[in-house]
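Here is the structure we will look at.
The values are calculated or read from the model by the stated rules, or taken from the named source; none is laboratory data. These figures come from a predicted structure and were not determined experimentally. Cβ sites come from the backbone with ideal geometry, for glycine too, and all protein chains shown count toward neighbours. Please note that ligands, DNA and RNA were not included when accessible areas were found on the heavy atoms of the full protein model with its side chains. Shrake-Rupley method; radii C 1.70, N 1.55, O 1.52, S 1.80 Å.
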Amino acid sequence: MKIFKVFRILLALLIACNFASFSAASDNLEHIFKLYSNKTSTLCFKQTSINGMSGQKIIRDGKLTINAKKNMVFDYKNEKVIINDFEAIDYVHSKKYIYKLSGFNRVLFLLFLGKEDVNRLFSIRFKGKEYVLTPKYKSNIDKVYAYFKNDSQIDNMTISDIYSNKTIYQFYAPPCKRTQSGN
């Protein structure tokens, strides 16, 4: 009987510690993304997109401008993508394409500029130095993995979908180089 009491107490402590750890991690994540949504920021990035079926990789460098409470602009060598509340507007050379905001673009917008609490949109786990986010909303996105520098700057983000496609963003401070390659 005493063993069961000790076991229940240990189990209760373990659950409380995990909940406190989860709560602190999700609050910290919410705080970090609010920093980006409340001021205009510029980040350089290297983007690696991997096709889950063929294994093809496309690597591009660019500059991301997060315009507070407004939009995000991904500026590549020969392309500019503007993401707002509703759509992704893609300018390639002199052509303009408009897409419904979904998938990878929607995740980026929700995290960096979303008007909803990150905790309402994603189930959040913290493993070591990595946040693992799973959408609570209907999505083809499977998981988002996020790493931060100094608990305040995004360092690396990997977004994977249910089809095993993956996009990896490695962020760094300006100046940005503008090259593009694919293989």
> Going by the structure shown, is Met53 at pLDDT 75 or above and either within 22 Å of the chain's Cα centre (by Cα) or among the aliphatic types (A, V, I, L, M) (or both)?
Replying inline: yes
>> Condition first: free of Cβ contacts under 8 Å to residues at least 24 places away in the same chain and among the small types (Gly, Ala, Ser). Can you find one or more residues in region 60-81 that meet it?
In response: no
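Any residue at all in region 173-183 that is at pLDDT below 90, open to solvent by 80 Å² or more (accessible area, probe 1.4 Å), touching a helix residue (DSSP H, G or I) at 6+ places or on another chain (Cβ under 9 Å) and among the basic types (Lys, Arg)?
Among the residues of region 173-183, not one is at pLDDT below 90, open to solvent by 80 Å² or more (accessible area, probe 1.4 Å), touching a helix residue (DSSP H, G or I) at 6+ places or on another chain (Cβ under 9 Å) and among the basic types (Lys, Arg), which makes the answer no.
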